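> Structure below; questions to follow.
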Amino acid sequence: MTTAASGFEPRVFSGIQPSGNVHLGNYLGAIKRFVAMQESHNCVYCVVDLHAVTVWQDPIVLRQKTREVTAAFLAAGIDPSKHIVFNQSQVKEHAELAWLFNCVARMGWLSRMTQFKDKAGKNRENASVGLFAYPSLMAADILAYRATHVPVGEDQKQHLELTRDIAQKFNMDFAGEIDRLGLGLGPDKAYFPLPEPLITGAATRVMSLRDGSKKMSSSDASDLSRLNLTDDVDELAKKVRKAKTDANPLPESLDDLVDRPEARNLINIYSGLSDQAPQDVLTEFAGADFSKFKPALADLAVATLSPITLEMRRLMDDTDHVDAVLRHGAEQARVLAQPVLRDVKAIFGFVS
Ligand code: TRP
C-alpha cells in the first residue's frame, strides 16, 4: 500500500501540554497508547511547554507540571533509553520551524480552527498571537521529525489535517528546489510526509465523573470529576464512590447504555483499565447495581493506577533525575531535528 507517508521511515510523535493535572483521560486516551506503541515504532514523546504558554501559566506551576507530565510518562512505562522523551522548549528547532510554517499556513486555515474559537471565546482581541498560531507550532513538532503517525484524541483531528495541509503546501510550493537539492522521498519526491492521525475512538473517551456528557478535564472546577494520577488510594476510591450514576442496574447490552452517559462512562473506564471490551465488562456485571459495580471499579482503579501514582510521586521528589531525562531526550531530539531544519532552510533559499 502506498500512503502519503510511504518512502518515509515510520516514526510516532505525540505531545501533552504541561498544564493542569494529569488525569485518567490523559492516561487511558494518550499515555497508555504511547506506551503500547513503543513495541512497534520509534517514538518521540514531547511535553509541549511552548504550547502551554499560549495561555497564561504561572512559572512555578509550569515547571512543576512539566516534571509531572514527564514523571507520568516514565511511571506509565515509556522507556527513555529506547525512545525520546523531552520538553519542547529545549529544542529550538520547534520554534524555528513554526515560524517558517507561519509563512506557509494561511490566515484562512487558522481562522477555521475550532479549538482556537473555543479557547479564545468572545474575547478574541485579547487572545495571544501564539494561541492563533498554535497549530503551526504543532505542525512543526510533528514535521521536525518527519513523523508519520500521530496518536491524538478526536479534538486534535483538525490540527492534524492542518499539519497535512502545511506539509502538502510546502512540498508543492518548493517542489522544484526539493528536487534540485535531491531531498525528496517516496514516490512523490516529497520532503515532508503527510502524517496519519491515530485517533482515540469516541468509545474510549473518558468523560467527567460528574457529567457523562463532558470530557474529563483538568480545567473542570470540581476535582471530583476526575481521577488524577497524583491521587492517593483513598481519593481514588472516594471519587469512584461519589461518581454520578443513575438508579437502574447495569443492562446486558451496550445498546441500552446510549441514554445513560454516566453508566456508559464507568463501563468504558472499567474496560480501559482492565483491557477488556466494554461488552465483556457488561456481560460480567449485567443486572448488578452500582452499589456492586462501583466497589469493583474502585478496586480495579486502585490496583492499576496506584503503582503508577506511587512511582510518579517518587519521581517528582527526584527532580534532578527527571530533569536529566529531559535534557538527554532534548539532545537526542536535536540530533533528528537539526538536519531537517538545515534542509528546510536550504529549500527556502536562506544563505548559510
Ligand atoms: N495540541 C495537543 C493537545 O492539546 C498537544 C500537542 C502539541 C500535540 N503538539 C503536538 C499532539 C504534536 C500531537 C502531536 O492535545
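> Starting from region 111-130, keep only residues that are on the phi < 0 side of the Ramachandran plot, then list their pairs with residues that are part of a helix (DSSP H, G or I) and acidic (D, E) whose Cβ atoms are within a distance under 7 Å, requiring at least 6 positions of separation or different chains.
Every condition considered, the pairs that remain are Q115/D155.
> Identify, please: which residue in region 35-53 is surrounded by fewer than 21 Cβ atoms within 10 Å (Cβ to Cβ) and of a type outside the set (D, E) and is, among those, farthest from the ligand (Cβ to nearest atom)?
S40
> Among the listed residues V85, V91, V61, identify the single one that is touching a Lys or Arg at 6+ places or on another chain (Cβ under 6 Å) and modelled with pLDDT of 95 or more.
V91
> Can you name the condition, by its number, that W109 falls short on among (1) outside any loop (DSSP other than H, G, I, E, B); (2) within 26 Å of Q332 (Cα to Cα)?
(2)
> A follow-up question, please. Residues of region 154-164 being touching a strand residue (DSSP E or B) at 6+ places or on another chain (Cβ under 7 Å) and either near the ligand (Cβ under 8 Å from one of its atoms) or touching a residue at least 60 places away in the same chain (Cβ under 8 Å) (or both), which ones?
The answer is L160, and nothing else.
> So which of R241, R210 ends up being assigned to a loop (DSSP other than H, G, I, E, B) and within 20 Å of I267 (Cβ to Cβ)?
Answer to the selection: R210.
> Suppose we filter region 1-28 for residues that are part of a loop (DSSP other than H, G, I, E, B) and not aliphatic (A, V, I, L, M); how many remain?
Total satisfying the criteria: 12.
> If S19 satisfies every condition in (1) modelled with pLDDT of 95 or more; (2) under 16 Å from M138 (Cβ atoms) but one, which is the exception?
Unmet condition: (1).
> Is it the case that R112 is more than 10 Å from the ligand (Cβ to nearest atom), assigned by TED's automatic domain parsing to the domain that holds H328 and under 25 Å from Q38 (Cβ atoms)?
No; evaluated as a whole, the condition is false for this residue.
> Next question, about the same structure. For the structure I just gave you, tell me whether D155 is charged (D, E, K, R), over 15 Å from Y45 (Cβ atoms), under 20 Å from the mean Cα position of the chain (by Cα) and surrounded by 14 or more Cβ atoms within 10 Å (Cβ to Cβ).
Spelling it out, D155 is indeed charged (D, E, K, R), over 15 Å from Y45 (Cβ atoms), under 20 Å from the mean Cα position of the chain (by Cα) and surrounded by 14 or more Cβ atoms within 10 Å (Cβ to Cβ).
> Check region 170-192 and report whether any residue there is under 28 Å from M113 (Cα atoms) and within 16 Å of the ligand (Cβ to nearest atom).
The answer is yes, given that some residue of region 170-192 is under 28 Å from M113 (Cα atoms) and within 16 Å of the ligand (Cβ to nearest atom).
Yes/no matrix, rows are residues, columns are (1) open to solvent by less than 20 Å² (accessible area, probe 1.4 Å); (2) within 16 Å of L97 (Cβ to Cβ); (3) at pLDDT below 95:
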{"residue": "M172", "(1), (2), (3)": "no, no, no"}
{"residue": "E177", "(1), (2), (3)": "no, no, no"}
{"residue": "F192", "(1), (2), (3)": "yes, yes, no"}
{"residue": "G201", "(1), (2), (3)": "no, no, yes"}
{"residue": "L209", "(1), (2), (3)": "yes, no, no"}
{"residue": "S213", "(1), (2), (3)": "no, no, yes"}
{"residue": "S218", "(1), (2), (3)": "no, no, yes"}
{"residue": "S225", "(1), (2), (3)": "yes, no, no"}
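> Return yes when P151 is within 16 Å of the ligand (Cβ to nearest atom), in contact (Cβ under 8 Å) with a residue 60 or more places away in the chain and part of a strand (DSSP E or B) and no when it is not.
Yes; evaluated as a whole, the condition is true for this residue.
> Within region 115-144, take every residue that is more than 10 Å from the ligand (Cβ to nearest atom) and among the hydroxyl-bearing types (S, T, Y) and give me the one that is most open to solvent (accessible area, probe 1.4 Å).
Ranking the candidates gives S128 first.
> Here are some conditions: (1) touching a helix residue (DSSP H, G or I) at 6+ places or on another chain (Cβ under 8 Å); (2) not in a strand (DSSP E or B). V85 meets all but one. Which one does it not meet?
Going through (1) touching a helix residue (DSSP H, G or I) at 6+ places or on another chain (Cβ under 8 Å); (2) not in a strand (DSSP E or B) one by one, V85 breaks only (2).
> When region 18-58 is examined, which residues are found to be in contact with a helix residue (DSSP H, G or I) (Cβ under 6 Å, 6 or more places away or on another chain) and of a type in the set (S, T, Y)?
Those that are in contact with a helix residue (DSSP H, G or I) (Cβ under 6 Å, 6 or more places away or on another chain) and of a type in the set (S, T, Y): S19, Y45, T54.
The values are calculated or read from the model by the stated rules, or taken from the named source; none is laboratory data. Everything quoted here is computed from the prediction, not taken from an experiment. Reconstructed Cβ throughout: ideal geometry from the backbone, glycine too, with neighbour counts over all protein chains shown. Please note that ligands, DNA and RNA were not included when accessible areas were found on the heavy atoms of the full protein model with its side chains. Shrake-Rupley method; radii C 1.70, N 1.55, O 1.52, S 1.80 Å.
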